[in-house]
1. Relative contact order of the range 283-413, please, whole-number percent, based on alpha carbon pairs below 8 angstrom and at least 6 residues apart.
2. Given bins 5 angstrom wide, list per bin the percent of all Cα-Cα distances in the range 111-187, short to long.
3. Just want to confirm a number: the relative contact order over the chain, from Cα pairs under 8 angstrom separated by 6+ residues, in percent.
4. How big is the shadow of the Cα convex hull of the range 244-297, averaged over all directions, in nm²?
5. Can you tell me the alpha carbon radius of gyration of the range 337-419 divided by the globular rule-of-thumb value 2.2 N^0.38 Å?
6. What is the sum of charges around Gly277, taking Lys and Arg as +1, Asp and Glu as -1, for the other residues whose C-beta is under 12 Å from the C-beta of Gly277?
7. Assuming 1.567 mPa s and 4 °C, estimate D for the chain with Stokes-Einstein, Rh taken as the Kirkwood radius over Cα pairs, in µm²/s.
8. Can you compute the FRET efficiency between Asp202 and Ser247 using 1/(1 + (r/R0)^6), with r the Cβ-Cβ distance and R0 = 30 Å? Round to the nearest 0.05.
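Readers should treat all values here as calculations from the given coordinates under stated rules, not as data from a laboratory. Since we're looking at a predicted model, the values are computed, not measured. Please note: Cβ atoms are built from the backbone with ideal geometry, for glycine as well, and neighbour counts cover all protein chains shown.
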Amino acid sequence: MDHAPVLPVSRAEMDALGWNRCDVVIVSGDAYVDHPSFGAALIGRYLESLGYRVGIIPQPDVVNVSDVLRLGVPRLFVGITSGVMDSMVSHYTSLHKPRSDDAYSPGGRPGKRPDRALLRYVNLVQRAMPGIPVVIGGIEASLRRFSHYDFWSDKVRKSILLDTKATVLVYGMGEKAVAEIAAALDGGRTPENVRGTVTYADAGRFGSLGMERYVELPSHEDVSGNPAAFMEMTRTIERESNPWCGSVLVQKADRRVVIAHPPAFPLSSREMDHVYGLPFSGVPHPSYREVIPAYEMIRNSITVVRGCAGGCSFCALGLHQGRFVSSRSPNSVIAEVGRLTRRKDFRGTVSDLGGPTANLYGLGCRNPDAMRSCRRNSCLYPDICVNFDTDHSEYVELLDRVSAVGGVRNVYISSGIRYDVAIRSRKFLEKLVRNHVPGYLKVAPEHFSASVLELMRKPHPGLWRRFKKLFDGIAGKTEKKIFIRPYLMAAFPGCTVAHAVEAARELEKEGLRPEAVQIFLPTPMTMATAMYHTGLHPETGEPLEVARKPSEKKRRLAVLLGRRSGRPRA
Ligand code: SF4
């Protein structure tokens, strides 16, 4: 066997594999589930496929240094992630209340990872293994790579790379960057100029690095005290996010300078097939005795697409994964479905064929020249770009092929869909409503006020109404009872009480019951968070009304819901 049945989490498992040392150890704030939806497993298995010996330390004890040493000191580096979510988002609601559960921990119990997990873990590793190269990644590192507004301390914090003093920060989806870093360290070289990474240097030494072309962001000191500079920084980061034409970005902070190389190129279909076809066991590490809720949610689902072209101003996942969509080939997806059907606990339902946005599978820019120089922050907003392919044939075919696999009785779409794109394909809508909706379809219009939607970069309410009419028309002709359950967001920056009234009226008029209503949570680095922090409109620089006090947020939530029973997902 050229791969481990599970990546080792203990000395005994290393011994069983005949290893005396790991090449790489990955420390993670999540439980270890050997499934590609979990970043530590994904990166670990990818490095394994390149010939490295990788061990995992899930949710280490941060008090006892010896716990993080349980696999010994690795030969090349320690990779550290706080987990699938930013640890502060995992732990606190938008009203600053501690969450009562943690879906990525055994038993769903909170408290298995510390607040500001990345800082704590790096500190732990640096104490336990002085001098070892430390590579930080995952969403907490990715979206805190420049100066950023931290909602939980109500402060602008500098790049987390400077706070942690890690060797290098990997942002976005990290396979290619981590592979380059491992190869450099394995060859005795310092990883340099790697796409999708951030490093830092003393400001006095920056000139000697010979960097000829770069864009300088306003310094940490500027953005900390000046809202307009903060907004300019956020706009520049967005503008430079295209891997084909984005620049090196630099930002001074104190006497140091953060250097962010352009993003990694998105994975090709063949690369996606390789990554998702790695020998994941597909289940939690056998040592766990309790259910891991996040695993229960995805155990029968298949990731078919990565990235989102939508560019919604509040979406941390879209920002992390990037605007350019990567899709797996149908054969790779069918092979995974085959493995799923052979599992003893499979009952015939594939719960999702999706990703950040399911119906963007197989879609993207059909004009390579335009794509390589594109500076838009969304392919879909304010209108669907003329170069964006909206032909759903590949996704429709994939749904058909997966439905025809022996042992599969139902194939559902549980990931979100872009309804502005979906209404361009009657065939897809017919299929979706007739065959792939488990009772109700979850969609995320997020609001119904045109002014708020513009700030969110979401489709105009007119498109929502068109989608709803088409959906209802098709659903009315089926024998099943099928409904739409919208996801909505309250207290978005710029959303006044009058806007909340507008949204409540739409719910009333359409007889809609929201699936969930989320109070806006300002996660690091999004444009929406820049609006929240600065109180400025991102294009005009005009002041925005922002609900900051919990009472103001709750009022907008209450107005939006009226007496309805939508469950707050704060
Ligand atoms: S040209 Fe249009 S479709 Fe292509 S990347 Fe830019 S916005 Fe997207």
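1. 30
2. Bins of 5 Å from zero give 3, 14, 23, 24, 21, 10, 4, 1, 0 percent of pairs.
3. Computed over the chain, the figure is 12 percent.
4. For the range 244-297, averaging the hull's shadow over all directions gives 7.9 nm².
5. Against the empirical 2.2 N^0.38 Å value, I get 1.38 for the range 337-419.
6. Local charge sum for Gly277: +1.
7. Values: Rh = 24.5 Å.
Translational diffusion coefficient: 53 µm²/s.
8. Once rounded, the FRET efficiency stands at 0.90.
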